[in-house]
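Working notes, structure below.
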Amino acid sequence: MLGVVCMLVVGIARLAGHVTAAVGAGLGPVEWTGGLGILLFMAYVEGYRGFHLRFAPRVVARARWVAASPRPLRVALLPLLCMGLFAATRRRLVASWALTAMILFFILTVRALPDPWRGLVDLGVVCGLSIGCGSMLHWWRVARRGGELPVGPDAPD
């Protein structure tokens, strides 16, 4: 789980420069309004619905699944396994790889946006990733205290 959180933190750090540059260059009323809309949309869709309700509890559930019966390859590639990129049900594999492809498409699309819009979209992504990090820590605490996770590990066996 820590490996996944570290990947998110690296993403946050890489995008922070674009956000700082966009906001520091000065924004007009249209950009501030658009930026606020993007921020709220990404906080809800990416942060809450995507990370908090689905991705983060599944990462924790898959980490618990591996901890219960560790195998060398699964432990060595634990962050990828926790993200559902292998050792998962067929449905989870298709969903995880499709999501990965979609994220790559959006990254390439956002890179083509003009400033300050690229920085404002990156602000929304930073917000969503930050909520994701906090959500993973939240679900980890829930699991450590013996609480139920809202999703299962989608494990093949």
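Just so it is clear, none of the values below were taken in a lab; they were calculated from the coordinates. This one's a predicted model, so the numbers in the text were calculated from it and none came from an experiment. Ideal geometry is used to build each Cβ from the backbone, glycine not excepted, and the neighbour counts take in all protein chains shown.
Points to keep in mind about this one:
- Rounded to the nearest whole angstrom, the semi-axes of the ellipsoid equivalent to region 71-135, taken from the Cα gyration tensor as √(5λ), stand at 29, 15, 10, largest first.
- Membrane-span-like helices in the chain, defined here as complete DSSP H runs extending at least 30 Å along the helix axis by their C-alpha atoms with mean Kyte-Doolittle hydropathy no lower than -1.0, are 2-24, 90-111, 117-144; this is a sequence and geometry rule, not a statement about a membrane.
- Alpha carbon convex hull of region 32-144, volume per residue in cubic angstrom: 101
- Pair residue 108, residue 94: separation of 7 Å Cα→Cβ label points (nm): 2.3
- Projecting the Cα atoms of 98, 10, 37 onto the charge dipole of the chain, computed from C-beta unit charges around the Cα centre, puts 98 farthest toward the positive end.
- Length gained when the stretch residue 9-residue 148 is fully extended (0.36 nm per residue, less Cα-Cα span): 47.4 nm
- Net charge, residue 66 excluded, C-beta distance under 15 Å - Lys, Arg +1, Asp, Glu -1: +4
- Counting every other Cβ atom within 10 Å of each residue's Cβ, 110, 30, 75 order from fewest to most as 30, 75, 110.
- Environment charge at residue 88 (Cβ cut-off 13 Å; Lys +1, Arg +1, Asp -1, Glu -1): +4
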